[in-house]
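Everything below concerns the one structure shown next.
The values are calculated or read from the model by the stated rules, or taken from the named source; none is laboratory data. Predicted, not measured: the structure shown is a model, and the values here were computed from it. Positions of Cβ are backbone-derived with ideal geometry, glycine not excepted, and every protein chain shown enters the neighbour counts. With ligands, DNA and RNA removed, areas are computed over all heavy atoms of the protein, side chains included. Shrake-Rupley method; radii C 1.70, N 1.55, O 1.52, S 1.80 Å.
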Amino acid sequence: MTQEDGELDSLVRKRIRALRVAQGWSLEELATRAHLSQSTLSRIENGQRRLALDQLVTLARALDTTLDQLVETAADDVVISPMIDAAHGLMRWSIKGEPGMSVVRQRMTEPPPDNPARMRAHPGREWLVVLSGTAILMLGHRRFRVETNQAAEFPTMLPHAIGTEGGPCEILGIFDRDARRGHQRDGEGERSEDCTANGSCT
């Protein structure tokens, strides 16, 4: 066994244990889910038993992950540079592990629209983190004040718009695949790429 193989072997064993502990499962619970004996699982985690492919497939399934993720070692492209839309004051990052998701940073200067007709709805979920200032999230008929270092998560099937209160604010928005598609449906691209400065999308 080469040093590289040994490092991968150790990594996989640590990953199995870490995923089990993260789920709050005992050795017995994971062994039952993976149809292994508790002693076999213990020896796998402790490096006292050879890692067999069929057992890794079963363990990956039981841990709600994939074999590829269980043995993944690549650490390329850890640092990702944003795509910059200077005209709208935006920076956007794609998420390598979830190609349908994207992260957008935007500076906002205007309050949200008063007219509910300027709010829009579409499938998906969005996450909003306020980096500085205070943002106002209009969600249906409700108004939420989101301050620096606070976050909001909401279903985009509710009509929504985002603006600022008391001066400029900077936000970080995270869009799942459906939310992103919802903003692309009319050729708009990312929601915040076609929004006005007050966060409304038309």
Check your understanding: So which of G167, G163 is closer than 20 Å to L90 by Cα and loosely packed, with under 14 Cβ neighbours inside 10 Å?
Key -> G167
Review point. Which residues, taken from the stretch 17-44, are under 12 Å from L63 (Cβ atoms) and not hydrophobic (A, V, I, L, M, F, W, C)?
Key: R17, R20, Q23, E29, R33
Review point. Any residue at all in the stretch 24-41 that is open to solvent by 90 Å² or more (accessible area, probe 1.4 Å), closer than 30 Å to S94 by Cβ and in a loop (DSSP other than H, G, I, E, B)?
Key: no
Exercise for review: Using the structure shown, decide if I174 is surrounded by 14 or more Cβ atoms within 10 Å (Cβ to Cβ) and modelled with pLDDT of 90 or more.
Suggested key: no
Check your understanding: Out of all the residues in the stretch 128-160, which are in a loop (DSSP other than H, G, I, E, B) and more than 17 Å from G89 (Cβ to Cβ)?
Key -> G140, H141, T148, N149, Q150, T156, M157, L158, P159
Practice item. Filter the stretch 85-110 for residues that are surrounded by fewer than 16 Cβ atoms within 10 Å (Cβ to Cβ) and at pLDDT 80 or above and give the result. Key: T109, E110
Study note, to complete from the structure: Selection over the stretch 121-147 where residues are at pLDDT 95 or above and either farther than 19 Å from E110 by Cα or of a type in the set (S, T, Y) (or both) yields a count of 2
Review point. Could you give every pair whose Cβ atoms fall below 7 Å, whose first residue belongs to the stretch 126-144 and is within 15 Å of M157 (Cβ to Cβ) and open to solvent by less than 20 Å² (accessible area, probe 1.4 Å), and whose second residue is in a loop (DSSP other than H, G, I, E, B) and among the hydroxyl-bearing types (S, T, Y), counting only separations of at least 6 or pairs across chains?
Key: E126/T156
Check your understanding: Looking at the stretch 108-121, is at least one residue under 24 Å from W93 (Cβ atoms), under 21 Å from the mean Cα position of the chain (by Cα) and of a type in the set (S, T, Y)?
Key -> no
